[in-house]
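Down below is the structure, laid out as structure tokens.
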Amino acid sequence: MGVRVSAAYRAAMATTLKPARPLRGAGEYPLEAGNFDEAFAATGAPRRPYAELLGALARQGLQPLRERVRSNVAAAGLRFGPGREIPVDPVPRLIGAGEWERLEPGLLQRARALNAFVADAYGEQRIFEAGAVPRRLLETSEGFEPAMRGLLDPEVPPATVAGLDLVRDEGGELRVLEDNLRMPSGAAYAMAVREVVEAEIETPLRPQPLDDYAGHLRAAILAAAPPGREEPVAAILSDGPENGAWYEHERFGRELELPVFTPDQLEPSRGRLFARRGRDRQQIDVIYRRLDEDRVCERDGTPTALGQLLLPALRSGRLRCANAFGTGLADDKLAHAYVEAMIEFYLGEKPLLRSVPSYDLSEESGRAAAMARLDELVIKPRDGFGGHGVTIMPRATEPQRQRALGLLRRRPEHFIAQETVEISSHPTVVGAGLAPRRIDLRPFVVSRPDGEAAMTGGLTRYARGAGEMVVNSSQGGGCKDTWVVAEDQL
């Protein structure tokens with residue numbers, strides 16, 4: 001049963017907003033039982049600095065604000081998938097600068113360890129020899145690409161961009177739910193959402209800038225080029241307009257001043273890769289990979305069409321790939337269960353960010369522990385993405401539960417079980433008022449040989465239905481601007 005916003009807060013709002021009209025529905029915001037609300041404490045009192053933000057929204061009016069943001073989204077051509085505008089909520093998520101300063105080192109640490117893991121998996125495989133991570137992860141992962149072994153430059157982080165999915169648990173702690181190193185999307189959407197939302201919010205509160213993310217990304221892509229190329233030529237490799245993140249590919253082409261090519265515009269020749277432009281050809285030294293196709297070889301070792309195009313240049317050393325093929329190994333949900341062990345193994349440090357605990361179902365003791373309390377857990381396919389195939393057992397229907405149990409009994413090694421987190425909620429414009437919707441946070445870390453940098457804040461995603469837990473854009477979720485707010489504004 002929901003808790004209503006307190007009478008004390010309504011009185012405070014009335015004082016704050018005079019002589020403007022009060023925030024419609026402020027007293028009807030139903031706090032959900034059992035989870036953390038980003039804007040309101042369990043008593044209904046507003047968390048800092050949401051009183052100021054909600055007051056500003058009240059003065060402006062929620063519906064006119066929503067319509068202006070929607071118009072801005074349409075004018076910007078902000079889409080996820082062909083012809084589908086991405087929903088953008090006008091109420092930004094606020095994170096205090098102090099919390100961000102504590103969070104950022106953990107993001108950088110995690111990206112550094114995951115990059116070390118991927119490089120090791122395609123190199124000496126020390127972590128498997130030491131037994132810190134079971135070799136069966138390597139042997140059974142859909143993300144492992146054997147053809148890439150020995151082809152990664154040990155001086156260049158294989159995952160130029162990492163997107164880490166964070167959720168705030170019931171106690172208010174931000175924890176890592178999933179790791180995305182293969183080709184995480186969303187950074188350009190975070191930039192675009194900032195543009196369509198910030199100018200419409202009339203408040204003294206101001207977010208910190210996104211820390212020149214595009215500049216960091218361009219420098220990292222160029223730093224991934226083969227040695228000896230003083231002025232390397234880089235390009236973005238995309239599927240084209242049918243790719244769900246085509247908006248991002250086009251935008252980064254402009255922001256980074258890099259051409260965007262599809263595979264049919266490229267051709268291999270004598271251990272090099274060339275792009276055709278009319279009658280001219282240009283050698284490409286480094287590609288930023290943004291393709292749905294993730295493999296250069298089939299399971300039997302036969303090159304895919306993409307492998308036939310790229311492998312000769314990759315093997316000759318004349319081509320490098322930002323977000324290299326094979327980084328999907330780190331996206332394996334089973335790998336997530338061992339990231340804290342990776343941090344200790346490679347960096348000799350204690351993890352600064354905790355993972356949401358996962359159970360290794362291919363290991364007998366882990367499987368037994370999970371099966372004993374399966375109704376409390378989340379079941380995920382190891383190679384899943386976008387929230388597809390996930391069964392949240394405490395919320396599942398009986399047919400969904402039975403299907404998940406059947407799959408686990410037949411092929412437990414293809415799944416992991418994860419603790420259920422009642423992820424936090426955030427005020428979101430619904431109808432004429434505000435209602436709580438579940439959210440996550442995807443911050444982005446750019447890695448290059450001389451270090452890492454994180455986008456300040458990242459992209460907040462929200463579920464559009466009441467109580468829904470899946471926030472992914474591919475399943476209809478929307479986006480919010482993420483404001484890291486200086487302490488002197490709190």
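Of note:
- When residues of the range 315-334 are limited to those that are over 14 Å from Val296 (Cβ atoms) and touching a helix residue (DSSP H, G or I) at 6+ places or on another chain (Cβ under 6 Å), the one surrounded by the most Cβ atoms within 10 Å (Cβ to Cβ): Ala322
- Residues within the range 425-454 that are over 17 Å from Met191 (Cα atoms), of a type in the set (Val, Ile, Thr) and touching a residue at least 40 places away in the same chain (Cβ under 8 Å), tallied: 3
- Taken as a whole, the range 48-67 holds at least one residue that is among the aromatic types (Phe, Trp, Tyr), assigned to a helix (DSSP H, G or I) and within 17 Å of Lys480 (Cα to Cα).
- Of the helices (runs of 4 or more DSSP H) lying entirely inside the range 162-280, those carrying at least 2 residues that are in contact with a Ser or Thr (Cβ under 6 Å, 6 or more places away or on another chain) are 246-256.
- Looking across the range 233-262 at every residue that is acidic (Asp, Glu) and within 22 Å of the chain's Cα centre (by Cα), the one that is surrounded by the most Cβ atoms within 10 Å (Cβ to Cβ) is identified as Glu248.
- For Val484, the requirement of being in a loop (DSSP other than H, G, I, E, B), of a type in the set (Val, Ile, Thr) and either in contact with a helix residue (DSSP H, G or I) (Cβ under 6 Å, 6 or more places away or on another chain) or under 21 Å from Arg66 (Cα atoms) (or both) is not met.
- Helices (runs of 4 or more DSSP H) fully within the range 310-385 counting 3 or more residues that are among the aliphatic types (A, V, I, L, M) and at pLDDT 95 or above: 339-342
- Single match in Arg295, Arg290 (criterion: touching a strand residue (DSSP E or B) at 6+ places or on another chain (Cβ under 8 Å), among the charged types (D, E, K, R), surrounded by 15 or more Cβ atoms within 10 Å (Cβ to Cβ) and on the phi < 0 side of the Ramachandran plot): Arg290
- For first residues located in the range 207-220 and modelled with pLDDT of 95 or more and surrounded by 14 or more Cβ atoms within 10 Å (Cβ to Cβ), partners that are of a type in the set (Val, Ile, Thr) and assigned to a loop (DSSP other than H, G, I, E, B) and lie 6+ apart or on another chain with Cβ distances below 6 Å form the pairs Gln208/Thr456; Ala220/Thr160.
- Residue match in the range 355-365 (condition: over 21 Å from Val118 (Cα atoms) and free of Cβ contacts under 8 Å to residues at least 40 places away in the same chain): yes
- Any hit, the range 455-471, residues being out of contact with any strand residue (DSSP E or B) (no Cβ under 9 Å at 6 or more places or on another chain) and in contact (Cβ under 8 Å) with a residue 60 or more places away in the chain: no
- Cross-chain or 6+ apart pairs with Cβ under 6 Å, the range 333-351 first and closer than 15 Å to Pro134 by Cα, then assigned to a loop (DSSP other than H, G, I, E, B) and modelled with pLDDT under 95: Lys333/Arg382; Leu334/Arg382
- Condition check for Val133: outside the structural domain of Arg315 (by TED's automatic domain parsing), more than 26 Å from Gln489 (Cβ to Cβ) and outside any helix (DSSP H, G or I): no
- The range 77-125, residues that are part of a loop (DSSP other than H, G, I, E, B), small (Gly, Ala, Ser) and touching a strand residue (DSSP E or B) at 6+ places or on another chain (Cβ under 9 Å): Gly77
- Which numbered condition Glu230 misses (of (1) of a type in the set (Asp, Glu); (2) in contact (Cβ under 8 Å) with a residue 24 or more places away in the chain; (3) surrounded by fewer than 22 Cβ atoms within 10 Å (Cβ to Cβ)): (2)
The values are calculated or read from the model by the stated rules, or taken from the named source; none is laboratory data. As the structure is a prediction and not an experimental result, all values here were calculated from the model. Reconstructed Cβ throughout: ideal geometry from the backbone, glycine too, with neighbour counts over all protein chains shown.
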